[in-house]
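The values are calculated or read from the model by the stated rules, or taken from the named source; none is laboratory data. As the structure is a prediction and not an experimental result, all values here were calculated from the model. Reconstructed Cβ throughout: ideal geometry from the backbone, glycine too, with neighbour counts over all protein chains shown. Each accessible area value is taken on the protein alone, full model and side chains, heavy atoms only, with ligands, DNA and RNA left out. Shrake-Rupley method; radii C 1.70, N 1.55, O 1.52, S 1.80 Å.
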Amino acid sequence: MHSAAEGPELVADPARRTGRILLAGGVAQSYVDVADPRHLHFEYVRRMAAVVDLAAPPGAAVDALHLGGGALTLPRYVGATRPGSVQQVVERDPAVVELVRRELPAPPPGVRVDVADARAAVEAAPAHGYDLVLTDVYRAARMPGHVASVEFAAEAARVLRPDGILLVNVTDLPPLVFTRARVATLRAAFADVCLLADRRMLRGRRYGNLVLAAARRPGRLPVGRLATRTARDPVPGQVLHGAALDRFVAGARPGTDTSLGVG
């Protein structure tokens with residue numbers, strides 16, 4: 001969830017009667033359909049949902065930790081598609097939490113929302129407590145260093161179960177230097193990593209969001225099925241994994257607390 005000096009606000013989507021857009025500083029941060037939590041407006045959210053859908057058998061409940069709550073788009077989606085799931089949401093901006101609580105439908109059963117810092121929440125979480133950790137943490141359109149380092153990635157790996165998966169939303173622009181470093185960072189802590197993105201971003205033709213998925217166990221990520229699902233999206237995407245991801249990283253170095261200036 002991005003934060004800005006201006007307070008958050010919710011506005012109606014003029015193109016969809018039941019759509020609501022969470023704005024921060026006038027920039028769209030989250031989208032919720034108040035009548036259909038399965039409707040996912042933003043392409044990067046659909047890519048994250050694709051991993052969620054393939055992470056466990058259809059309909060099976062999961063334990064999920066969401067770092068960055070926004071309008072609770074993905075917690076609502078998981079609650080609708082995987083009833084009985086237990087989900088903890090961590091959002092650092094109390095104004096966002098209050099606005100969403102007041103103006104949008106209540107989240108599904110099993111969702112708890114805490115106002116806290118993402119890194120502190122992960123460090124305080126028990127080991128092996130989650131099937132999924134979903135990270136969408138931004139401040140003024142930048143991912144804070146304390147959630148972009150190897151040390152943070154190691155903490156995320158610690159709280160995941162052996163078959164658990166970490167998902168990270170990354171905002172970047174050509175030539176995707178920041179994303180390459182985040183891939184290298186996750187590879188330092190996880191055995192299996194892949195990237196999902198709009199093909200135009202990978203060709204250096206646009207600014208936008210990419211999704212990284214990381215698993216503790218080698219071969220855990222359903223790369224083939226993800227590639228099919230991503231290619232069929234209304235905004236067709238591509239999955240990079242293995243040798244293709246090696247070429248993408250191209251010598252990028254992992255970020256550490258020290259190199260990122262984390263005190």
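Looking at the stretch 183-213, which of the residues that are in a loop (DSSP other than H, G, I, E, B) and touching a Pro at 6+ places or on another chain (Cβ under 7 Å) is least open to solvent (accessible area, probe 1.4 Å)? My answer is 204. Within the stretch 74-97, the set of residues being open to solvent by less than 20 Å² (accessible area, probe 1.4 Å) and among the β-branched types (Val, Ile, Thr) comprises 78, 89, 90, 96.
Listed by first and then second residue, the pairs with beta-carbon distance under 6 Å, at least 6 apart or on different chains, first residue in the stretch 238-263 and among the hydroxyl-bearing types (Ser, Thr, Tyr), second assigned to a loop (DSSP other than H, G, I, E, B), are 256/149.
Answer yes or no: is there a residue in the stretch 38-58 that is in contact with a Pro (Cβ under 7 Å, 6 or more places away or on another chain) and either open to solvent by less than 10 Å² (accessible area, probe 1.4 Å) or assigned to a loop (DSSP other than H, G, I, E, B) (or both). No: the stretch 38-58 contains no residue that is in contact with a Pro (Cβ under 7 Å, 6 or more places away or on another chain) and either open to solvent by less than 10 Å² (accessible area, probe 1.4 Å) or assigned to a loop (DSSP other than H, G, I, E, B) (or both). Residue 84 meets each of the listed conditions (1) part of a strand (DSSP E or B); (2) out of contact with any helix residue (DSSP H, G or I) (no Cβ under 7 Å at 6 or more places or on another chain); (3) more than 24 Å from residue 21 (Cα to Cα) apart from (1). If the condition is being on the phi < 0 side of the Ramachandran plot, of a type in the set (Gly, Ala, Ser) and not in a strand (DSSP E or B), then the stretch 140-171 contributes 145, 148, 149, 153, 154, 156, 157.
Scanning the stretch 15-32 for residues that are within 15 Å of residue 91 (Cα to Cα) and touching a helix residue (DSSP H, G or I) at 6+ places or on another chain (Cβ under 6 Å) yields a single hit, 30. With respect to the stated conditions, residue 27 is of a type in the set (Val, Ile, Thr), modelled with pLDDT under 95 and open to solvent by 20 Å² or more (accessible area, probe 1.4 Å). Taking the stretch 145-182 as the range and being in contact with a helix residue (DSSP H, G or I) (Cβ under 6 Å, 6 or more places away or on another chain), β-branched (Val, Ile, Thr), open to solvent by less than 30 Å² (accessible area, probe 1.4 Å) and under 21 Å from residue 258 (Cα atoms) as the test, the residues that pass are 147, 170. The set of residues in the stretch 232-247 being closer than 14 Å to residue 210 by Cα and assigned to a helix (DSSP H, G or I) consists of 245 alone. Taking residue 137, is it closer than 27 Å to residue 198 by Cβ, among the aliphatic types (A, V, I, L, M), assigned to a loop (DSSP other than H, G, I, E, B) and touching a strand residue (DSSP E or B) at 6+ places or on another chain (Cβ under 6 Å)? Considered against the rule, which asks whether it is closer than 27 Å to residue 198 by Cβ, among the aliphatic types (A, V, I, L, M), assigned to a loop (DSSP other than H, G, I, E, B) and touching a strand residue (DSSP E or B) at 6+ places or on another chain (Cβ under 6 Å), residue 137 comes out as yes.
Scanning the stretch 172-182 for residues that are in contact with a Phe, Trp or Tyr (Cβ under 7 Å, 6 or more places away or on another chain) and outside any helix (DSSP H, G or I) yields 172, 173.
Does residue 100 satisfy being out of contact with any strand residue (DSSP E or B) (no Cβ under 7 Å at 6 or more places or on another chain), over 20 Å from residue 170 (Cβ atoms), buried (at least 19 other Cβ atoms within 10 Å of the Cβ) and β-branched (Val, Ile, Thr)? Considered against the rule, which asks whether it is out of contact with any strand residue (DSSP E or B) (no Cβ under 7 Å at 6 or more places or on another chain), over 20 Å from residue 170 (Cβ atoms), buried (at least 19 other Cβ atoms within 10 Å of the Cβ) and β-branched (Val, Ile, Thr), residue 100 comes out as yes.
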